[in-house]
1. Show the residues, 5+ positions off or on another chain, whose built amide H is closer than 5 Å to the amide H of SER77.
2. Along the charge dipole of the chain, which of GLY123, VAL112, GLN62 sits closest to the positive end, that is, farthest toward it, with unit charges on the beta carbon of Lys, Arg, Asp and Glu (+1, +1, -1, -1)?
3. Taking the stretch 1-102, which trypsin sites (Lys or Arg not before Pro) meet the DSSP loop condition and have no more than 14 other C-beta atoms within 10 Å?
4. Which cross-chain or sequence-distant (5 or more) residues have an amide H under 5 Å from the amide H of CYS125, H modelled 1.01 Å from N in plane?
5. What are the ³J(HN,Hα) couplings of the stretch 103-120, residue after residue, when phi is run through the Karplus curve with 6.51, -1.76, 1.60 and θ = phi - 60°? Round to Hz, x for glycine and proline.
6. Mind listing the long-range amide H neighbours of LEU120? Cut-off is under 5 Å, sequence gap 5 or more, other chains count too, H placed in the peptide plane at 1.01 Å from N.
7. At most 15 other Cβ atoms within 10 Å and a DSSP loop assignment: could you name the chymotrypsin sites (Phe, Trp or Tyr not before Pro) in the stretch 89-161 that fit?
8. Kindly provide the GluC sites (Glu not before Pro) of the stretch 69-161 that DSSP labels as loop, not H, G, I, E or B, and whose Cβ sees at most 16 other Cβ atoms within 10 Å.
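Every number in this text was worked out from the coordinates using simple rules, so none of it is lab data. Everything numeric here is computed off the predicted structure, so don't read it as measured data. Cβ atoms come from the backbone with ideal geometry, glycine included; neighbour counts cover every protein chain shown.
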Amino acid sequence: MRLQPSIIEDMELASQRLAGLATSWDGKESILKLKEANYNWRQMEWWSFYFEYLCYQKLSDQFQIPGDRFGRVKTASFDLKRTINWDIKAKAIKSDDHRSILNDMTAIQQSVEKYGAHGLIIGLCDVEYNDNQRTFQQWHEELKGGKSRYERERIQRTSIS
């Protein structure tokens with residue numbers, strides 16, 4: 001399959017704009033920036049939301065945010081759109097499972113049918129989660145004002161996060 005020149009332009013533009021992203025992020029500084037922007041700063045997967053936030057900052061003047069929405073599923077809205085729709089994902093590379101959950105499969109198929117392609121911007125993150133005393137987690141929890149209802153329910157059902 002040969003990509004349309006406009007799709008290649010999207011790829012080149014995103015690549016140029018994102019090439020200068022820092023490759024090392026301090027967790028506390030990143031979360032405080034997210035908090036200042038009121039952008040998903042309470043999330044345990046802060047690196048993923050920080051990557052998304054940085055991508056939006058670099059691409060918002062050239063890409064539509066959010067992208068198209070297909071279907072009735074709330075999460076089936078794509079992160080960006082220019083010529084095609086794009087999803088932004090960050091994955092911790094030291095996780096026990098090297099898979100990543102993408103957007104709704106039907107929505108992606110509909111987007112590909114409409115535009116001929118679908119874009120993914122993927123950040124592979126080497127995350128250091130905590131020290132033995134879990135000081136980072138404690139700091140983040142204090143900043144949030146304690147455990148969220150979701151976190152308390154997760155602990156009750158003994159799920160790991």
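1. none
2. Final value for the positive-end residue is VAL112.
3. On the way: sites: ARG2, ARG17, LYS28, LYS33, LYS35, ARG42, LYS58, ARG69, ARG72, LYS74, LYS81, ARG82, LYS89, LYS91, LYS94, ARG99; in loops: ARG2, ARG42, ARG72, ARG82, LYS94, ARG99.
Of the trypsin sites (Lys or Arg not before Pro), the ones in loops of the stretch 1-102 whose Cβ has at most 14 other Cβ atoms within 10 Å are ARG2, ARG72, LYS94, ARG99.
4. It is LYS91, ALA92, ILE93, by chain and number.
5. So the J values, rounded to whole Hz, are 6, 4, 4, 5, 5, 5, 4, 5, 5, 5, 4, 6, 10, x, 6, 9, x, 10.
6. ASP87
7. Within the stretch 89-161, the qualifying chymotrypsin sites (Phe, Trp or Tyr not before Pro) (loop, at most 15 other Cβ atoms within 10 Å) are TYR129.
8. Hits after loop and neighbour filter: GLU128.
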